[in-house]
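Visitor: Below is the structure I would like to discuss, written out as structure tokens.
The values are calculated or read from the model by the stated rules, or taken from the named source; none is laboratory data. Just so we're clear, the structure is a prediction, and the values are computed from it rather than from any experiment. Because the Cβ atoms are built from the backbone with ideal geometry, glycine has one as well, and the counts that use them run over all protein chains shown. Ligands, DNA and RNA are excluded from the accessible area calculation, which covers all protein heavy atoms including side chains. Shrake-Rupley method; radii C 1.70, N 1.55, O 1.52, S 1.80 Å.
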Amino acid sequence: MSPSTVGMLVMALVVIVAAARLLGALARRLGQPAVIGEIAGGLLLGPVFLHGSDSGPLLFTPGTRPALKLVADVGVCLFMFLVGLGLERGLLTGKSRLAATVSFGSTVVPFGLGVLLALHLWESHPTGSRTAFVLFLGTAMSVTAFPVLARILTDMNLIRTPIGGVALAIAAMDDVTAWSLLAVATAVAGSAVGDFWTVALAVPYVLVMLGVVRPALAGLTARRAGRPGSRAAGAAVLVAVAGGLWLSAMATDRIGLHLIFGAFLFGAVLPGEGAVGLRRVVLPLAERACSIVLLPVFFVIAGLDVDLSSMDLTAVGELGLILLVAVGGKFGGGFAGARLSGLRRRHAVVLGTLINTRGLTELIVLSVGLQAGVLDQRLYSYMVVMALVTTAMAGVVLRFVYPADRVRRDIEALGRTAAPDAESALPHRSTLPEKQP
């Protein structure tokens, strides 16, 4: 890489990070999570400013774009590792029955509607495999952004409320289901080009991760816990985790899936005691590097493939149908599951609104579909718009259906009842009247 290319790469990184920070702050001023502004900034920077002009590329020269793509891949892998690591085993304690019911509804309903939508859109967006296209669109409609949801709950002071705990548990279950469905869709897409036999290696890979890697990491972290003051032991854990993350991501890439599956599974199988040590020593730095530098680059790379310049009435109709299916399926399935579990209408609406959040998780799913050839550029662009709209609408809707005074009253009621768990603490139709003052 020539010195001029390095200079252009550094300049591009500075512009990307500065834009992400500026628009993230603007989003917070508007009552939205910072990630909304960061995503919007990246999607705008790519096609509008960095991609090029009549005189040629401004910052995305032929030498800088591959390097930025590599940075984006590293950021996505690190993010997925953090997501897997964040799926705490105790998250479902006290709320498994309600979470399972709502998660089932918020996955099956949008998946089914997504399949019907895919059958409708197939003629105008044909790709290599119709089966992969149908599975992928159903999966994309079923996604919930676990990390973005956690940020919304924190910003709105809902993270420690019963409704917030149940929403996080539902999002965790939805995420695991969505990644599994995405792996199947990716495998089917790979089979269309003769790589299906390699997908059979996914089963022994998962077994090795659970039966060999997890116990080995548990032993390593146990020895580290016995020597809490040893820098060498801490470095050994860090090297083992970094090396394991890289090997796991490479393994899923080689067997015909995607880097993100290996990164996610490695984070998910990391022992709980190891996760505690990492959060204390390493994760603050990793999370900051991921959110400040790496993920904004991914947003820009994702934005380069967004093209809405040729939209006509047909395209507007398709976008409207995508939004209708996405919002109606996710919200409707979650609301129905909550009501069937006996939850009051207001709290069922809150749950349905929260799990309709898609954010960065949806962008990663869409990028996988685009790289696998399952989505064309036009449909990818429409789906990116859907991801932004469904994420931004959560904060707006919640301010009307679950205002701050209502949150405060529910927290006070929880303190008076001293319920043993989050699920029983939520107001049900059998314990509270439908209308309260």
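Visitor: In the range 314-325, which residues are at pLDDT 90 or above and more than 20 Å from the chain's Cα centre (by Cα)? First the steps, then the outcome.
Guide: Taking the range 314-325 first, the residues at pLDDT 90 or above are 316-325.
The answer is 316, 317, 318, 319, 320, 321, 324.
Visitor: Tell me which residues, restricted to the range 29-48, are surrounded by fewer than 16 Cβ atoms within 10 Å (Cβ to Cβ), part of a helix (DSSP H, G or I) and at pLDDT below 85.
Guide: If the condition is that a residue be surrounded by fewer than 16 Cβ atoms within 10 Å (Cβ to Cβ), part of a helix (DSSP H, G or I) and at pLDDT below 85, then 48 is the only one that fits.
Visitor: Being open to solvent by 10 Å² or more (accessible area, probe 1.4 Å) and not in a helix (DSSP H, G or I) is the filter here; which residues of the range 116-128 pass it?
Guide: Result: 122, 123, 124, 126, 127, 128.
Visitor: Under the condition of being modelled with pLDDT of 75 or more and open to solvent by 40 Å² or more (accessible area, probe 1.4 Å), which residue from the range 253-284 is nearest to residue 381 (Cα to Cα)?
Guide: Here the residue is 253.
Visitor: Let me ask another. Go through the range 164-186 and give me each residue that's buried (at least 24 other Cβ atoms within 10 Å of the Cβ) and more than 15 Å from the chain's Cα centre (by Cα).
Guide: 165, 166, 185, 186
Visitor: Okay, moving on. Working only within the range 124-164, note down all residues that are polar (S, T, N, Q) and without any contact (Cβ under 8 Å) to a residue 40 or more places away in the chain.
Guide: Listed by number, the list holds a single entry, 154.
Visitor: If residue 419 satisfies all but one of (1) of a type in the set (A, V, I, L, M); (2) in a loop (DSSP other than H, G, I, E, B); (3) surrounded by fewer than 22 Cβ atoms within 10 Å (Cβ to Cβ); (4) at pLDDT 80 or above, what's the number of the condition it fails?
Guide: (4)
Visitor: Another question, then. Taking the conditions exactly as written (at pLDDT 80 or above, more than 20 Å from residue 355 (Cα to Cα) and outside any loop (DSSP other than H, G, I, E, B)), does residue 98 satisfy them or not?
Guide: No; evaluated as a whole, the condition is false for this residue.
Visitor: If you check residue 113 against the conditions, is it in a loop (DSSP other than H, G, I, E, B) and modelled with pLDDT of 75 or more?
Guide: Spelling it out, it is not the case that residue 113 is in a loop (DSSP other than H, G, I, E, B) and modelled with pLDDT of 75 or more.
Visitor: Under 7 Å between Cβ atoms, at least 6 apart or on separate chains: pull out the pairs that start in the range 324-344 with a residue that is over 19 Å from residue 382 (Cα atoms) and in contact (Cβ under 8 Å) with a residue 24 or more places away in the chain and end on any residue that is surrounded by fewer than 24 Cβ atoms within 10 Å (Cβ to Cβ) and among the hydroxyl-bearing types (Ser, Thr, Tyr).
Guide: Note: pairs meeting the criteria are 337/101; 340/101; 341/101; 342/430.
Visitor: Given the options 385, 401, 396, 389, name the one that is among the aliphatic types (A, V, I, L, M), surrounded by fewer than 24 Cβ atoms within 10 Å (Cβ to Cβ), under 22 Å from residue 174 (Cβ atoms) and in contact with a Lys or Arg (Cβ under 7 Å, 6 or more places away or on another chain).
Guide: Values: 385 fails: in contact with a Lys or Arg (Cβ under 7 Å, 6 or more places away or on another chain); 396 fails: in contact with a Lys or Arg (Cβ under 7 Å, 6 or more places away or on another chain); 389 fails: in contact with a Lys or Arg (Cβ under 7 Å, 6 or more places away or on another chain).
None of the other options fit; the residue is 401.
Visitor: Kindly list the number of the only condition in (1) at pLDDT below 90; (2) of a type in the set (A, V, I, L, M); (3) open to solvent by less than 10 Å² (accessible area, probe 1.4 Å) that fails for residue 295.
Guide: Condition not satisfied by residue 295: (3).
Visitor: Using the structure shown, decide if residue 328 is surrounded by fewer than 21 Cβ atoms within 10 Å (Cβ to Cβ), more than 30 Å from residue 68 (Cα to Cα), within 20 Å of the chain's Cα centre (by Cα) and of a type outside the set (Asp, Glu).
Guide: Spelling it out, residue 328 is indeed surrounded by fewer than 21 Cβ atoms within 10 Å (Cβ to Cβ), more than 30 Å from residue 68 (Cα to Cα), within 20 Å of the chain's Cα centre (by Cα) and of a type outside the set (Asp, Glu).
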